[in-house]
Amino acid sequence: MTSAELDNLVRIGKLKREPPSPRELSGLLASARTRLADAGRGDLAFDSRFDLAYNAAHALALFALRRLGYRSDNRYLVFQCLPHSAGLPVESWRVLAKAHERRNLAEYEGHLERDDRLLMDLIAAATALRLAVEALPPTEKPGA
């Protein structure tokens with residue numbers, strides 16, 4: 001399965017074509033599940049929970065893109081591709097975009113503003129993404 005939109009991103013150099021690796025896909029999914037479960041633990045610090053939820057969402061979005069044979073070096077673009085890689089509506093990744101902005105502030109400026117609502121929305125968005133990814137049909141093997 002390919003998408004005209006994803007192929008356009010390849011043409012302009014934003015995505016690369018690369019066959020998926022079953023080992024990579026399995027690792028991304030396992031990592032996302034573990035991180036998402038841990039993000040729900042109220043005994044962890046807010047910053048830790050946010051980081052876990054954000055990275056779970058990223059691993060799931062990357063899984064959706066990689067399973068189709070595309071790779072991106074841009075974290076934000078991986079989220080933007082979700083309507084084409086996982087069939088999610090555009091609105092569904094807006095919370096992921098906001099979380100990405102907050103993650104960048106924390107990563108590059110050392111400050112993460114506590115926003116419990118955003119954390120809950122991020123966990124909910126990552127959970128919805130997990131369910132969408134788990135419902136995706138298996139991809140065809142190259143040359144099949």
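Any read-out appearing in this document is the output of simple, stated calculations on the displayed coordinates, not a laboratory observation. Source: prediction; values computed, not measured. Every residue, glycine as well, gets a Cβ built from its backbone with ideal geometry; the counts of neighbours run over all protein chains shown.
Assorted remarks:
- Fluctuation leader among A45, A56, A128 - the chain, Gaussian network, Cα springs under 10 angstrom: A45
- Relative intensity, log₁₀ I(q)/I(0), of the chain from a Debye sum that treats every alpha carbon as a point, q = 0.12, 0.17 Å⁻¹: -0.47, -0.91
- Computed about its Cα centre, the charge dipole of the range 27-128 is approximately 440 debye, with only Lys, Arg, Asp and Glu carrying charge at their Cβ.
- Computed over the range 21-134: relative contact order in percent, which uses C-alpha pairs under 8 Å that are six or more apart: 30 percent
- Those residues of the range 59-95 whose amide nitrogen sits under 13 Å from the label point placed on L136, 7 Å along Cα→Cβ: 59-72, 78-88
- Taking L60, L52, L88 in turn, the Gaussian network model of the chain (Cα-Cα springs below 10 Å) assigns the largest fluctuation to L88.
- Fewest neighbouring Cβ atoms within 10 Å first, the residues H100, H111 line up as H111, H100.
- By the helix-only formula, in which each DSSP H run with n ≥ 4 contributes -39500 (n - 2.57) and the sum is divided by residues, the chain has a 222 nm mean residue ellipticity of -20500 deg cm²/dmol.
- Which of V95, V10 has the fewest Cβ neighbours within 10 Å, and the rest in rising order: V10, V95
- Between A97, A106, A61, the GNM of the chain built on Cα springs shorter than 10 angstrom shows A106 fluctuating the most.
- Against the chain, whose longest principal axis is taken from its Cα atoms, helix 94-109 shows a tilt of about 60°.
- Counting neighbouring Cβ atoms within 10 Å and putting the fewest first, the residues S85, S21 line up as S21, S85.
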